[in-house]
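A short worksheet on the structure shown next.
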Amino acid sequence: MPLMGEPNHLELVDYLQSLGKELEQPKAILVISAHWEESQTTVTSAKQPQLFFDYYGFPEETYQISYPVPGSPTLARQVIEYLVAAGINAKEDMQRGLDHGCFVPLKLIYPEANVPVVQLSLTRDLNPETQINVGEAIAELANQGISIIGSGFSFHNLQVLMNRDKTVMQKSVHFDSWLNRHVTAPELSWEEKETALINWDKAPDAKFAHPREEHLLPLHVCFGAAKKLNLSAENNFNKTMLGAKISGFIWR
């Protein structure tokens with residue numbers, strides 16, 4: 001929808017486009033997408049990855065989108081080495097393409113498609129502690145000029161989005177306020193933040209915001225990397241979309 005000019009997504013488009021102008025162009029990008037789950041952490045390793053159109057029911061032109069970005073087998077191997085060194089089972093996938101959780105935001109952030117991209121999966125068990133551990137294991141990449149991007153959504157209950165029920169907004173604000181505090185609050189220790197994020201489902205209206213947590217967990221990977229490097233977080237996207245409160249974060 002962001003690439004189709006859908007009106008409810010225009011602020012998101014502006015945000016993503018502004019990131020490309022604000023941030024230095026990285027040497028490479030590692031994307032954790034909510035749309036890829038494997039039994040163990042898996043990394044794309046194709047030299048020239050294709051696009052994986054993992055959606056249905058959209059106009060034909062959305063299946064003709066092009067983003068001819070290079071991959072990086074070297075970065076993929078490095079990611080696996082870091083994960084294995086941390087005791088995390090990991091493997092490469094030379095065949096899988098980049099899904100829309102990866103190519104849609106990147107097409108807006110870096111439209112020139114000239115930065116190598118590797119994609120990292122979630123684990124199918126959706127264990128939040130596991131994703132944080134993955135982030136800690138790969139944190140050193142950020143010191144090497146590589147951007148780590150978590151692509152998900154801070155509110156992802158498709159059954160209630162756009163139904164204009166005021167309770168949706170109220171409940172989304174409850175969860176969003178909790179999430180912002182436990183990501184950005186300087187008075188909380190890393191341990192307090194981590195404990196809260198591991199037990200995210202105990203937050204106010206958490207299971208309403210995320211009936212299934214795959215769209216939240218890319219944040220946990222980013223959090224793990226930030227914790228390892230002691231980076232500060234800030235909310236850099238604070239909007240209402242489709243009748244719900246939505247947030248984005250950056251660590252630096």
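What follows draws every value from the coordinates through simple rules; no lab data is involved. This structure is a prediction, so every number in the text was calculated from the model and none was measured. Neighbour counts run over all protein chains shown; Cβ positions are idealised from the backbone, glycine included.
Calculate the all-directions average of the projected area of the range 118-252's alpha-carbon convex hull, and give it in nm². Could the numbers behind the result be given before it?
Numbers: hull surface 31.4 nm².
Average projection, Cα convex hull of the range 118-252: 7.8 nm².
Sorted by average packing, counted as other Cβ atoms within 10 angstrom per residue and highest first, what order do 96-107, 166-177 take?
Values: 96-107: 22.6, 166-177: 17.7.
Per-residue Cβ counts within 10 Å, averaged per peptide and sorted highest first, yield 96-107, 166-177.
List every residue whose amide H lies under 5 Å from the amide H of ILE149, counting only residues 5 or more places away in sequence or on a different chain, with H placed 1.01 Å from N in the peptide plane.
Under 5 Å from the amide H of ILE149 lie the amide H atoms of LEU30, VAL31, ILE32, each far enough along the sequence or on another chain.
Counting other Cβ atoms within 10 Å, keep those with at most 16, restrict to DSSP loop, and tell me which chymotrypsin sites (Phe, Trp or Tyr not before Pro) in the range 1-85 are left.
Numbers: sites: TYR15, TRP36, PHE52, PHE53, TYR55, TYR56, TYR63, TYR82; in loops: PHE52, PHE53, TYR55, TYR56.
For chymotrypsin sites (Phe, Trp or Tyr not before Pro) across the range 1-85 that sit outside H, G, I, E and B with at most 16 neighbouring Cβ atoms in 10 Å, the list reads PHE53, TYR55, TYR56.
Using alpha-carbon pairs under 8 Å, 6+ residues apart, how would you state the relative contact order of the range 2-251 in percent?
Normalised by residue count, the contact order of the range 2-251 is 26 percent.
For the range 129-144, in order, what is each residue's ³J(HN,Hα) by Karplus, 6.51 cos²θ - 1.76 cosθ + 1.60 with θ = phi - 60°, in whole Hz (x at glycine and Pro)?
5, 4, 5, 5, 4, 4, x, 4, 5, 9, 4, 4, 4, 5, 7, 10
Give me the Kirkwood hydrodynamic radius of the range 90-133, using the inverse of the mean 1/r over all pairs of distinct Cα atoms, in Å to one decimal. Mind showing how you got there, number by number?
On the way: mean 1/r = 0.0800 Å⁻¹.
Result for the range 90-133, one decimal place: 12.5 Å.
Normalised by the empirical 2.2 N^0.38 Å for globular proteins, what value does the Cα Rg of the chain take? Can you show the working numbers first?
Numbers: Rg = 17.3 Å, N = 252, 2.2 N^0.38 = 18.0 Å.
So the chain has a normalised radius of gyration of 0.96.
Which far-off residues, 5 or more places away or on another chain, put their amide H under 5 Å from the one on ALA86, with H placed in the peptide plane?
Close amide H contacts, sequence-distant or interchain: none at all.
At a 10 angstrom cut-off on C-beta neighbours, averaged per residue, how do the peptides 148-158, 182-192 rank from highest to lowest? Intermediate results must be reported in sequence, preceding the final value.
On the way: 148-158: 21.7, 182-192: 12.9.
Ranking the peptides 148-158, 182-192 by packing returns 148-158, 182-192.
Can you find, among MET169, SER72, GLY57, the residue farthest towards the positive end of the dipole of the range 2-251? Put +1 on the C-beta of Lys and Arg, -1 on that of Asp and Glu.
MET169
Could you run the Karplus curve 6.51 cos²θ - 1.76 cosθ + 1.60 with θ = phi - 60° over the range 219-232 and give me ³J(HN,Hα) per residue in whole Hz, x for Gly and Pro?
Whole-Hz 3J(HN,Hα) from phi for the range 219-232: 4, 5, 5, 4, 4, x, 5, 5, 4, 4, 9, 6, 8, 8.
Just rank LEU3, LEU30, fewest to most, by other beta-carbon atoms within 10 angstrom. Intermediate results must be reported in sequence, preceding the final value.
Values: LEU3 18, LEU30 27.
In increasing order of surrounding Cβ atoms, one gets LEU3, LEU30.
List the residues, sorted by chain then number, that are 5 or more residues from ASP99 or on another chain and whose placed amide H is less than 5 Å from its amide H.
So ASP99 has HN proximity to PHE52.
Given the options LEU179, LEU19, LEU75, state which has the largest fluctuation in a GNM of the chain using a 10 Å cut-off (strictly under) for Cα springs.
LEU19
Be a star and scan the range 218-234 for residues whose amide nitrogen sits under 15 Å from the point 7 Å along the Cα-to-Cβ vector of THR184.
232-234
Apply the Karplus curve 6.51 cos²θ - 1.76 cosθ + 1.60, θ = phi - 60°, to the phi angles in the range 184-192 and return the couplings in whole Hz, x for Gly and Pro.
So the J values, rounded to whole Hz, are 10, 5, x, 7, 8, 6, 4, 5, 5.
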